[in-house]
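In what follows, a single structure is set out as structure tokens and then discussed.
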Amino acid sequence: MSMKIDILTLFPEMFQGVFEESIIKRAIDEGKVQISLINFRDYTDDPHHKVDDTPYGGGAGMVLMCQPIFDCIESIRTPESVVVMLTPDGVPYQQRMAYYLSEKKHIILLCGRYEGFDERIRSICDYEISIGDYVLTGGEVPAMVLVDSITRLLPGVINERSHIEDSFNENYLLDYPTYTKPRVFRGMEVPEILISGDHQKIDEYRYQESLKRTKERRPDLLK
Ligand SMILES: C[S@@+](CC[C@H](N)C(=O)[O-])C[C@H]1O[C@@H](n2cnc3c(N)ncnc32)[C@H](O)[C@@H]1O
């Protein structure tokens, strides 16, 4: 059965083209994932289609209001849905979360804008996710990051071995170095062992290289 992802955004046009190329497009065409863009402005009760207002207590910018977002989520969620708020103060996104979400049937991604959400909107969300310690203008790019990382894990979307060998998988190691033709480029040679044809030795070499790279670049992962 295919996965359904609903993206709640004030700027659905931003997604044009993003899911229309390469692996994600193929997954959509083959019915492995179904992606819908929903503008939560369509759910506002306000005669002027307002979705944001000034913050109580004063301060800069506008805050997204509860009503349109609550009504929108309540009209599309089912007992199988997980609602994910994209927010810089959420839990830092990691590959293990991508795996977890790839097993869900229906994911609702909520993209913020302006100064962010009315605090009470958190109560209708199951998870709050940040894609990193920096602030973007909106949740649309984070939603694209989640859709991409989740879709490539769905069964049959890419060769299973290739994501098992990717960085951040079960063993938490970074990927090993890879090479392709030619054997020598500007004096830089492909390691001899990769041309040896001895697959046991190649696997051991790759494992050691993964370990070395992880120790050098991301020792935190080894903990
Ligand atoms: C300008 S930001 C709001 C920032 C908020 N005032 C703060 O300091 O935490 C507007 C929206 O962009 C999205 N956003 C920005 N940075 C993000 C990040 N690192 N991860 C996930 N979402 C992010 C969120 O949906 C957020 O509501």
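The values are calculated or read from the model by the stated rules, or taken from the named source; none is laboratory data. The shown structure was predicted, so the numbers you read here are calculated from the model rather than taken from an experiment. No Cβ is skipped: glycine too gets one built from the backbone with ideal geometry, and neighbour counts run over all protein chains shown.
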From the set of residues in the stretch 104-125 that are of a type outside the set (A, V, I, L, M, F, W, C) and near the ligand (Cβ under 7 Å from one of its atoms), which is surrounded by the most Cβ atoms within 10 Å (Cβ to Cβ)? Gly112
Please go through the stretch 79-102 and pick out each residue that is more than 14 Å from the ligand (Cβ to nearest atom), under 17 Å from Asp6 (Cβ atoms) and without any contact (Cβ under 8 Å) to a residue 60 or more places away in the chain. Pro79, Glu80, Ser81, Val82, Leu101
Does any residue in the stretch 168-181 that is assigned by TED's automatic domain parsing to the domain that holds Tyr207 come within less than 8 Å, Cβ to Cβ, of a residue that is modelled with pLDDT under 90 and small (Gly, Ala, Ser) six or more places away or on a different chain, and which pairs are these? Leu173/Ser167; Leu174/Ser167; Asp175/Ser167
Breaking point among (1) away from the ligand (no atom under 13 Å from the Cβ); (2) of a type in the set (Phe, Trp, Tyr); (3) crowded, with 20+ Cβ neighbours inside 10 Å, for Phe40: (1)
Tell me which residues, restricted to the stretch 11-27, are closer than 15 Å to Val157 by Cα and surrounded by 17 or more Cβ atoms within 10 Å (Cβ to Cβ). Phe19, Ile24, Ala27
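To keep it simple, each residue is scored yes or no on (1) more than 16 Å from the ligand (Cβ to nearest atom); (2) closer than 30 Å to Asn39 by Cβ; (3) surrounded by 13 or more Cβ atoms within 10 Å (Cβ to Cβ).
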site: Val135; (1), (2), (3): no, yes, no
site: Gly139; (1), (2), (3): no, yes, yes
site: Asp148; (1), (2), (3): no, yes, yes
site: Glu165; (1), (2), (3): yes, no, yes
site: Phe168; (1), (2), (3): yes, no, yes
site: Leu173; (1), (2), (3): yes, no, yes
site: Ile195; (1), (2), (3): yes, no, no
site: Leu211; (1), (2), (3): yes, no, yes
Apart from one, (1) surrounded by 12 or more Cβ atoms within 10 Å (Cβ to Cβ); (2) of a type in the set (A, V, I, L, M); (3) farther than 18 Å from Glu140 by Cβ all hold for Met1; the odd one out is (1)
What do you reckon, is Ser22 of a type outside the set (A, V, I, L, M, F, W, C), touching a strand residue (DSSP E or B) at 6+ places or on another chain (Cβ under 6 Å) and over 23 Å from Tyr114 (Cβ atoms)? no
